[in-house]
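S.K.: Pasting a structure here, questions to come.
The values are calculated or read from the model by the stated rules, or taken from the named source; none is laboratory data. Since the structure is predicted, the reported quantities are computational estimates derived from the model, not experimental observations. We place every Cβ from the backbone using ideal geometry, glycine too, and count neighbours over all the protein chains shown. What goes into the accessible areas is simple: the full protein's heavy atoms, side chains included, and nothing from ligands, DNA or RNA. Shrake-Rupley method; radii C 1.70, N 1.55, O 1.52, S 1.80 Å.
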Amino acid sequence: NEVRESTVPGPGPRSAKNIALDMFRSYGHGFTRMLVAAAVVMMPLLLAGRAAFGMDFASLIIGTPGSAAPEYSDAMMAGIGAYAFLYLLGMLAVSGAVAELSARGLAGSDVSIGRAYGITLRRLPSMLGAALITALAAGLPLALAASMAMAALTIADVILLGLTTVLAIYLAVRLAFAVFAALLEQAGMVEAVARSWRLVSEAWWRTFGLLVLVSLLVGIIQTALQFAGTVAPTAGAVISAVVVAPLTVIGNLLVYLDLRARKEAYSSEHLAADLEALASPETRQL
């Protein structure tokens, strides 16, 4: 059956063009609130990173391209690990609050930033579990590919490198919406991963293309902001993170809702009902 696409509020379905347009429309409609929602968590995290690891803490953690891997003391490694985990929690909290605000806008309702964070915190254990499972599933082949890329490769190694890279990308796309399922569908961590897997089934290539489109658009904006912030790198990094994080969440949320609209005839009424259930103080499974 033909699926009607539009840019009106609601979960979709949407064409690739309309997903791109509505990503910016939704962001622009609640721009100030989105920035505040991201800033209340991202700014303390980034400033804490600078205080703990110095001005150039990002390259300290991930290393400088083309240079040997840095060696750290056990205490430094423990600090980096703790900060990375705290950063993951912060990003999940921001993602949940922004997704709640954006979904409310699509459903024609509203929620305060504080309430959005309150709802997200109730779902955070499931979101964290789903994110860790996804990272483990897609990250292992990616880590293998990265370790191989730094070694001298034979033809067989190059083939294996290509296969592991493709596998990592395939798994990342299939599991891309586990966190949204854990939040908006109140699924447990394992069910959220399985839910994303089923949702992308038979729509992998389109989903991959849409996620790449969102990433490219966000990347252009992030690059422009980072270039503009070269005079004050720390301030530029903070502004870039605060501006870009909500836009990425909104774009991926629209892809997730588009999949549900196409595969399940998911409507504005369904979205409103899910948001109403999410606002209930009842505790669901983790």
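S.K.: Hey, if we sort 258, 74, 274 by accessible area with the 1.4 Å probe, largest down, what's the order?
M.R.: So, going from the largest accessible area down, we get 74, 274, 258.
S.K.: About its Cα centre, how strong a charge dipole does segment 141-224 have in debye, to the nearest 20, once Lys and Arg get +1 and Asp and Glu get -1 at the Cβ? Present the calculation step by step, with values, prior to reporting the outcome.
M.R.: Numbers: 4 positive and 4 negative charges, 22 e Å.
Dipole size: approximately 100 debye.
S.K.: Something else now. Sort 40-52, 87-99 by the packing proxy (mean of other Cβ within 10 Å over each peptide's residues), most packed first.
M.R.: Details: 40-52: 16.5, 87-99: 22.0.
With the highest mean Cβ count within 10 Å placed first, the list reads 87-99, 40-52.
S.K.: If DNA, RNA and ligands are ignored and the probe is 1.4 Å, what is the ranking of 119, 155 by accessible area, most exposed first? Could you put the intermediate results ahead of the total?
M.R.: On the way: 119 0, 155 135 Å².
Ranking 119, 155 by accessible area, largest first, yields 155, 119.
S.K.: Follow-up question, since we're still on this one. Can you list which of the GluC sites (Glu not before Pro) found in segment 185-232 are DSSP loop residues with at most 11 other C-beta atoms within 10 Å? Write out the running numbers ahead of the final one.
M.R.: Values: sites: 185, 191, 202; in loops: 185, 202.
Within segment 185-232, the qualifying GluC sites (Glu not before Pro) (loop, at most 11 other Cβ atoms within 10 Å) are 202.
S.K.: Now for a different question. Please give the peptides 158-164, 259-265 ranked by average Cβ packing (other Cβ atoms within 10 Å per residue), highest first, as a rough proxy for protection. Spell out each step's value before the answer.
M.R.: Values: 158-164: 14.3, 259-265: 17.9.
Order by mean packing, descending: 259-265, 158-164.
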